[in-house]
Amino acid sequence: MLVAPAGAQEAAEIVAPASLHKEPDGVPLVTLPAGAPVETGQIKDGWNEATVEGWIVTTSTERTRRDGYDLVVTPDAGENLRRSPNGPVVGRAREGTLLERVTQRGRWIQVRRDGWIPQRAITGSGTAEAGPATPAGGPGRDPQAQQPAAKPRRPGPPLGASPPAEPADAG
């Protein structure tokens, strides 16, 4: 899961293992390894808005309608996100993590999740702190310009390999 509307996010790379959180300092949702590419958005209090994308086996999810997401991870130990169906592991979603369905291929579902990653764990992120959102058609890619807090929609690059994650109550 990795992107948002053009101009709202930029490519970056995780430089140390980190977790995607529901909100800054909030519940950790997906564990990501160093080297994982991500798409980032606004910066707020030392946190980068980000989106992760991957493939998860359908039997590890259930349908839901919570918080604008349509799937929830069900295994107690969480579940791997993969680069492609049955491909290399690129992250680990914790139990209870809400996900957005992108597409389905057989018993695999491509999913994405938006959240927040500590800024110190990301390269390629801007230096501007989040403030008021820039109106549509506002400043371009000026790193000092404020970016809108839009829900990511465009798929991005795959992630790298992943360390195991502890189960957690997420949402």
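The values are calculated or read from the model by the stated rules, or taken from the named source; none is laboratory data. If you're wondering where the values come from, they're calculated on a predicted model, not measured in any experiment. Glycine gets a Cβ as well: all are built from the backbone with ideal geometry, and neighbour counts include every protein chain shown. These area figures cover heavy atoms from the full protein model, side chains too; ligands, DNA and RNA do not enter into them. Shrake-Rupley method; radii C 1.70, N 1.55, O 1.52, S 1.80 Å.
For residues that are buried (at least 18 other Cβ atoms within 10 Å of the Cβ) and among the polar types (S, T, N, Q), scanning just segment 95-116, find the one that is farthest from the chain's Cα centre (by Cα).
110
Mind checking whether some residue in segment 8-21 is without any contact (Cβ under 8 Å) to a residue 60 or more places away in the chain and either in contact with a Leu (Cβ under 7 Å, 6 or more places away or on another chain) or open to solvent by 30 Å² or more (accessible area, probe 1.4 Å) (or both)?
no
Could you give me the residue pairs with C-beta distances under 8 Å whose first residue belongs to segment 71-86 and is under 15 Å from residue 31 (Cβ atoms) and open to solvent by 50 Å² or more (accessible area, probe 1.4 Å), whose second residue is of a type outside the set (Asp, Glu) and in a loop (DSSP other than H, G, I, E, B) wherever it lies, and which are 6+ apart or on separate chains?
77/167; 82/88
Of everything in segment 40-70, what is touching a Lys or Arg at 6+ places or on another chain (Cβ under 8 Å) and in contact (Cβ under 8 Å) with a residue 60 or more places away in the chain? Give them in sequence order.
Those that are touching a Lys or Arg at 6+ places or on another chain (Cβ under 8 Å) and in contact (Cβ under 8 Å) with a residue 60 or more places away in the chain: 46, 51, 52, 53, 54, 68.
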